[in-house]
Amino acid sequence: MVETALSAPPDTRARILDGAFDAIAGFGLSRTTVEDVAQRAGLSRQTIYRYFPSKDHLVVALVAREEERLLDGVRR
C-alpha cells in the first residue's frame, strides 16, 4: 500500500530512513534511487520528497540518525 504524506502516520520519517538504509545496503549509495527508498518504505516518491527535498538531504539525515544510534550505544 502506498501512502500519501497527508495520510502518513507520525513514524513516516523513520520508515523512510529505514527504507533508505535497506536500499543503500542492497544497492550501494550511488546506485540507490529515491524510488528504491519509496518501495522499501511502502510510500510514494512524492512522500519521500515531502520529507526530504533531495537524495542528498535524505542521506545526510540517515547518517545523522545512524551516528546518534552509535553514540547512544557507546553511552550505554
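No lab work stands behind these numbers, since they all come straight from the coordinates. Keep in mind that what you see is a predicted model, and the values were worked out from it rather than measured.
Things to note:
- Chain lengthening between V63 and Q39 when straightened (0.36 nm per residue, less Cα-Cα): 6.6 nm
- Gained length - A25 relative to R13, 0.36 nm times residue gap less alpha-carbon distance: 2.5 nm
- Rounded tilt (10° steps) of 12-27 against the dominant C-alpha axis of the chain: 80
- Working note: Karplus 6.51/-1.76/1.60 with θ = phi - 60° gives the range 30-46 the couplings 5, 8, 6, 10, 4, 4, 4, 5, 4, 4, 5, 8, x, 10, 8, 4, 4 Hz, where Gly and Pro are set to x.
- Acute angle (nearest 10 degrees) that the helix 55-75 long axis makes with the longest principal axis of the chain, alpha-carbon atoms: 30
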